[in-house]
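Heads up, the thing below is written out as structure tokens.
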Amino acid sequence: MAHMTETALTALSNSISAVVEQTAGHVLSVHSHRSRASGFVWRPGLIVTAEEALAEDGDVLVQPHQGTSIRATRIGRDHSTDIALLRIDRSDLPVLPLAAAYPPVGALSIVVGATEGSTSAGLGVVSRAAGPWRSMRGGDIDARLELDVTLRGGGQGSVALDAGGNAFGMAVRGPRKTIERVGATLEKHGRIPRGYFGVGLQAVRTSDKQPGAMVMSVDSDGPAAKAGIVQGDVIVGINGSAIEGVRSLLRALGPDSIGSSVELLVARAGGTSKISVSIGERPQG
């Protein structure tokens, strides 16, 4: 019995090692200023990495498995989905295909990253697998996946794999299965457009203890100002539903919201009124 168990464990260990080895050539270490991260070859000459672990400015160097450092340039970054895209002047590194499906809860998952050109790996299970959701920063994530894997230093941007070695996302603080959509937009535009009301908001409670969002400032050229919203207004509803706080309003400002209209319920001077606001595009900078 002990021998059979040892044989089974050895086979599992060998399988995991084989998956890590076959993935290592697709993964690179990413060094920017004092930040360390991992990344992988998404398309020829294009590297996907974790936005949060990428320095705002300065040089970026990537290092492939057992290779020398390569200078990279930032194409675009999106903090709401934690995805950044880099370009290198090499197209010979192998592209890592991304699977359309992701493993179910309880399935084994392997995370493969890189540190200074050496491979790093972690093993765990999928502890949660759910459908589309919106991050706290307002980014639309195609699937919410949580792994009970601890990322090593420089591990953000590692590749998340199923037990068969198929890549299904990028490991950050929760693997991102949003890469194809966001990466394509970053490659084309360098950023992800976001909706814009043109107001600064603060969470408050109304006189009847309901959540609201007080307008603290108004962009004079923004959509809210044009609709008649003024400083001191308290937004308590959107499209016929009560808001749960400022985040409820931010969730309405995804990339697809630009050009659409929403109806805000606004409390002012002891009464309420409905105001239609056409969502604009958040200015750059």
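The values are calculated or read from the model by the stated rules, or taken from the named source; none is laboratory data. Since the model is a prediction, treat every value here as computed from it, not as a measurement. Heads up, the Cβs are rebuilt from the backbone with ideal geometry, glycines too, and the neighbour counts pull from every protein chain shown. The area values use the complete protein model at the heavy-atom level, side chains included, leaving out ligands, DNA and RNA. Shrake-Rupley method; radii C 1.70, N 1.55, O 1.52, S 1.80 Å.
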- Message: Report the gain in length on full extension from Thr150 to Asn14: 0.36 nm times residue separation, minus Cα-Cα distance, nm rounded to one decimal.
- Response: 46.8 nm
- For Ile75, which sequence-distant residues (separation of 5 or more, or a different chain) have an amide H within less than 5 Å of its own amide H, given hydrogens modelled in the peptide plane? Leu85, Leu86, Arg87
- Most mobile listed residue (Ala252, Ala18, Ala171) in the chain, GNM with C-alpha springs under 10 Å: Ala18
- Task: Taking only protein heavy atoms into account and a 1.4 Å probe, give the accessible area per residue of the chain in Å².
- Result: 50 Å²
- Accessible area of Leu123, 1.4 Å probe, to the nearest 10 Å²? 90 Å²
- Query: Once the Cα atoms of helix 179-189 and of the chain are each reduced to a long axis, what angle between those two axes, in degrees from 0 to 90 to the nearest 10, is obtained?
  - Reply: 70 degrees
- Query: Assuming R0 = 41 Å, what is the FRET efficiency of Leu61 and His189, from their Cβ-Cβ distance, to the nearest 0.05?
  - Reply: 0.95
- Message: Between helix 2-24 and the chain, what is the angle of the helix's C-alpha long axis to the longest principal axis, kept within 0 to 90° and rounded to the nearest 10?
- Response: 60 degrees
- Task: Specify which labelled value, from (i) 19.0; (ii) 19.5; (iii) 20.9, agrees with Kirkwood radius over Cα pairs in Å derived from the coordinates of the model shown.
- Result: (iii)
- Query: What are the residues whose amide H is under 5 Å from the amide H of Gly222, where those residues sit 5 or more places off or on another chain and H is modelled from the backbone?
  - Reply: none
- Springs between alpha-carbon atoms under 10 Å, Gaussian network over the chain: tell me which of Ala99, Ala167, Ala24 tops the mean-square fluctuations. Ala99
- Amide H within-cut-off set for Leu201, under 5 Å, with H built and near neighbours excluded: Met216
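From Cα pairs below 8 angstrom and at least 6 apart in sequence, can you work out the relative contact order of the chain, rounded to a whole percent? Intermediate results must be reported in sequence, preceding the final value.
On the way: 705 pairs, mean separation 40.4, N = 285.
Taking the mean separation of contacting Cα pairs over the length of the chain, I get 14 percent.
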- Query: Percent relative contact order of the stretch 155-275, based on C-alpha pairs within less than 8 angstrom and at least six residues apart?
  - Reply: 18 percent
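Pop out the carbon and sulfur fraction of the accessible area of the stretch 219-266 as a percent, whole number, probe 1.4 Å. Display every interim value, and only then the final one.
Values: 1090 of 2360 Å².
The C+S portion of the solvent-accessible surface of the stretch 219-266 is 46 percent.
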- With the dipole of the stretch 54-107 worked out from charges on the C-beta (+1 for Lys and Arg, -1 for Asp and Glu) around the Cα centre, which of Ala101, Ile70, Ser80 lies farthest toward the positive end? Ala101
- Relative contact order %, the stretch 192-256, counting alpha carbon pairs below 8 Å whose residues are six or more apart: 36 percent
- Item | Area of Lys209 that stays accessible when all protein chains are in place (1.4 Å probe, Å², to 10) | 150 Å²
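Kindly provide the helix-only [θ] at 222 nm of the chain, computed as the sum of -39,500 (n - 2.57) over DSSP H runs of four or more divided by all residues, to the nearest 500 deg cm²/dmol? Let's see the in-between values first.
Numbers: 4 runs with 44 residues, N = 285.
That comes out to -4500 deg cm²/dmol.
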- Using a Förster distance of 22 Å, how high is the FRET efficiency between Ser69 and Val95, based on the Cβ-Cβ distance and rounded to 0.05? 0.65
- Message: Starting from the 7 Å offset along Cα-to-Cβ, what nm value, one decimal, do you get for the label separation of Ser278 and Asp208?
- Response: 3.3 nm
